[in-house]
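Enquirer: Shown below is the structure under consideration.
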Amino acid sequence: MSYEAVIGLEIHAQLLTATKIFCGCPTAFGAPPNAHTCPVCVGLPGALPVLNRQAVDLAVTAAVALGCDVHERSVFARKNYFYPDLPKGYQISQFEQPLATGGGLTLPRLRQGSGEAGAEGEKFVQLTRIHMEEDAGKSLHEGFADSDRKTYLDYNRSGVPLVEIVTEPDMRSAEEAAVFFETLRQILVWLRVNDGNMDEGSLRCDANVSVRRVGETKLGTKTEVKNVNSFRYLEKAIQFEIGRHIDVLDHGGRIVQETRLFDAAQGKTYSMRSKEEAHDYRYFPEPDLPPLMVSDERRQKIVAALPELPEQRRRRFIEQYALPPYDAALLTQTRGVADYFEATARHSGNPKASSNWVMGEVLRNMKERAIEIEAVPIAPDALAGLITIVEKGTISSTVAKDVFAKMYDSGRAAADIVAAEGLAQISDSSSLEPIVQKIIRAHPEVLEEIRAGKDRKFQFLVGQVMKETKGKGDPKLVTELLKAAIGT
Ligand SMILES: [Zn+2]
């Protein structure tokens, strides 16, 4: 019997504001517990919420970039439940009238080995809604035995602004879900709406998973896997759930609708609470906040300020600069790298060489040093300077890598380093000829082998001459002179 998986995602993304959604407390991560709190965000009686304007602008930015309809009027609602990390006894969220509905996201590519659409296939995943809400605090548990078990509460995160992005159940494999989450993260970070930091919990994903027989249109019973904070874990958790559902059904069992957690160490999900114990949230409109009004004018202003999105930029790089799709995809991973590449290409007038340098030395240094593009000390015009002297043949590409390293460490211009250190390429025969003769004299046995037909040995001599010139010999000229000297 063959089955098909049906997956929908709910993503919580922290909005990149300086202060919380309903009070002036800072949102900065890593402060001592409860340092960033006030009567509003710990829910003291009589404290009143005031909506953060910047949080609304960021939520609207995400919504318009994702093609949603932003509603002129939306309503904050109380979601009532008791939990120690929620001191008010309710979370302020949006329910019946969310900020935005509709929209969606095209998955740019599926990784290899995926079925239906193929490697270059595109898939559109529709969004149900985007709404705003506040985050809860954090419980930290310690100890296992009943006698020494303790729970600590940190309300620094309480009241941090979030958007919840809910998809339709449009995904059909764990891989599609992981690619969706990755693509959404890239866009939110690109928009500077979210910092993308999943380790600090500023982006988290819940997955609703069910399976049904192929050809069936009715949805199967779903389970929800909560709070997954990595693409790889999301894929593994969904994969595990799909397998578990199929196994239960194949053995004549029944799927229980429940919330589950993923144990990364074991690679398994386990039950957290069943539907029977689930809350009735008794939503009602938040009486302390007026309806949220987003005027057409305000929305238009945000639309006008939207940056070119990664997918549009990737396509433009292919067309405008004639870059291979591989280059364009790599260069548009982040907005900073894309900007850096474009500035380098503009200054150097050579897009492909600029692409090679950014994909090569620049990204390699960023990875090795674990830094972002903004921290790379070589400015795009300086890198363009290096590209220009390589193009002119002033230095070889081998020497150019050393010059790059020296530029990185010293902040000096490429041309200055080349002049000061005498690194210019030797491309006149009169300087190279004596070196060629010296190498030939030093290796008579190699010469005999070449004359006996071992062509491979020729590269050895080229290498020796290059070594003697400390990499500065023009390799083409060295090859010509050697050939002439040996008489091959
Ligand atoms: Zn506060």
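The values are calculated or read from the model by the stated rules, or taken from the named source; none is laboratory data. Everything quoted here is computed from the prediction, not taken from an experiment. Glycine gets a Cβ as well: all are built from the backbone with ideal geometry, and neighbour counts include every protein chain shown. Just the protein is used for accessible areas: all its heavy atoms, side chains included, with ligands, DNA and RNA removed. Shrake-Rupley method; radii C 1.70, N 1.55, O 1.52, S 1.80 Å.
Enquirer: For F404, which of the numbered conditions (1) open to solvent by 20 Å² or more (accessible area, probe 1.4 Å); (2) of a type outside the set (A, V, I, L, M); (3) within 28 Å of V362 (Cβ to Cβ); (4) part of a helix (DSSP H, G or I) fails to hold?
Expert: Condition (1) is where F404 drops out.
Enquirer: Follow-up. What is the one condition in (1) polar (S, T, N, Q); (2) part of a strand (DSSP E or B); (3) surrounded by 13 or more Cβ atoms within 10 Å (Cβ to Cβ) that Q239 does not satisfy?
Expert: (2)
Enquirer: Six or more apart or on different chains, Cβ atoms under 8 Å: show the pairs whose first residue is in segment 432-448 and closer than 14 Å to G463 by Cα and whose second is among the charged types (D, E, K, R).
Expert: L432/D474; I435/E468; K438/E468; I439/E468; V446/K457
Enquirer: Quick one: would you say V362 is at pLDDT below 95 and in a helix (DSSP H, G or I)?
Expert: no
Enquirer: Which residue is nearest to the chain's Cα centre (by Cα), if the candidates are limited to segment 344-356 and must be open to solvent by less than 40 Å² (accessible area, probe 1.4 Å), closer than 19 Å to E372 by Cα and free of Cβ contacts under 8 Å to residues at least 40 places away in the same chain?
Expert: Among those that are open to solvent by less than 40 Å² (accessible area, probe 1.4 Å), closer than 19 Å to E372 by Cα and free of Cβ contacts under 8 Å to residues at least 40 places away in the same chain, it is S355.
Enquirer: Tally up the residues in segment 412-446 that are open to solvent by less than 60 Å² (accessible area, probe 1.4 Å), outside any helix (DSSP H, G or I) and under 30 Å from G349 (Cα atoms), please.
Expert: 6
Enquirer: Looking only at segment 447-483, which residues are farther than 19 Å from G393 by Cα, open to solvent by 90 Å² or more (accessible area, probe 1.4 Å) and in a helix (DSSP H, G or I)?
Expert: Result: E448, R451, Q459, K483.
Enquirer: Residue under question is I255, and the condition is that it be over 30 Å from P49 (Cα atoms), surrounded by 13 or more Cβ atoms within 10 Å (Cβ to Cβ), at pLDDT below 95 and of a type in the set (A, V, I, L, M, F, W, C); does it hold?
Expert: So I255 fits the description; yes.
For (1) among the charged types (D, E, K, R); (2) within 30 Å of K123 (Cα to Cα); (3) more than 22 Å from the chain's Cα centre (by Cα), each residue gets a yes or a no:
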site: V40; (1), (2), (3): no, no, yes
site: V56; (1), (2), (3): no, yes, yes
site: A63; (1), (2), (3): no, yes, no
site: V70; (1), (2), (3): no, yes, yes
site: Y90; (1), (2), (3): no, no, yes
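Enquirer: Let me ask another. Among the numbered criteria (1) in a loop (DSSP other than H, G, I, E, B); (2) buried (at least 17 other Cβ atoms within 10 Å of the Cβ), which one does F341 miss?
Expert: (1)
Enquirer: Another question about this same structure. Looking at segment 1-18, can you tell me whether even one residue there is closer than 16 Å to V163 by Cβ, in contact with a strand residue (DSSP E or B) (Cβ under 9 Å, 6 or more places away or on another chain), within 16 Å of the ligand (Cβ to nearest atom) and assigned to a loop (DSSP other than H, G, I, E, B)?
Expert: yes
Enquirer: Identify, from the list D135, D195, D146, the residue that is out of contact with any helix residue (DSSP H, G or I) (no Cβ under 8 Å at 6 or more places or on another chain) and modelled with pLDDT of 95 or more.
Expert: On inspection, the qualifying residue turns out to be D135.
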